[in-house]
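Quick notes on the structure that follows.
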């Protein structure tokens, strides 16, 4: 039996709260947005944290360690959501994720293209994700 779908917004909010409490975010959106735009070290820290977690995942997968793999996957999700919050893109992340899922489904609904690396390729009929329209929608709403 499949479980119900997870809605990211609940978890994004919890990660946002944690980042606020840790001092990585400002409660005032304009200050947060300004910091993200102007503070290269702030942006680099977010990327470095994700890279650190990806490196831990690679080690766990190499060891075939389910506990460390799950821990690393969870840490990656947390740091990715933190980056979304710090960049102000958290408001659009759930819609963007749904759009990427929709797009990826077009890779497997017809004849699949499997590349030599094992990656699923883009067959005829593939529809790329329209992330731009999501960004534009949130900008029009004044949320980005």
Residues that are over 21 Å from the mean Cα position of the chain (by Cα) and either assigned by TED's automatic domain parsing to the domain that holds residue 12 or loosely packed, with under 13 Cβ neighbours inside 10 Å (or both), drawn from the range 96-120: 108, 109, 110, 111, 112, 114, 115, 116, 117, 118
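Evaluate the following for residue 62: is it free of Cβ contacts under 8 Å to residues at least 40 places away in the same chain, over 20 Å from the mean Cα position of the chain (by Cα) and assigned by TED's automatic domain parsing to the domain that holds residue 41? Give the derivation first.
Details: free of Cβ contacts under 8 Å to residues at least 40 places away in the same chain: yes; over 20 Å from the mean Cα position of the chain (by Cα): yes; assigned by TED's automatic domain parsing to the domain that holds residue 41: yes.
Yes: the conditions hold for residue 62.
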Unique match (being under 12 Å from residue 79 (Cα atoms), assigned to a helix (DSSP H, G or I), modelled with pLDDT of 90 or more and out of contact with any helix residue (DSSP H, G or I) (no Cβ under 7 Å at 6 or more places or on another chain)) among 51, 44: 51
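Which is in contact (Cβ under 8 Å) with a residue 40 or more places away in the chain and within 25 Å of residue 14 (Cβ to Cβ), of 98, 86?
Numbers: 98 fails: in contact (Cβ under 8 Å) with a residue 40 or more places away in the chain.
Only one candidate qualifies: 86.
The values are calculated or read from the model by the stated rules, or taken from the named source; none is laboratory data. Small disclaimer: the values here were computed from a predicted structure and weren't measured. Cβ coordinates were reconstructed from backbone atoms using ideal geometry, including for glycine residues, and neighbour counts include every protein chain displayed.
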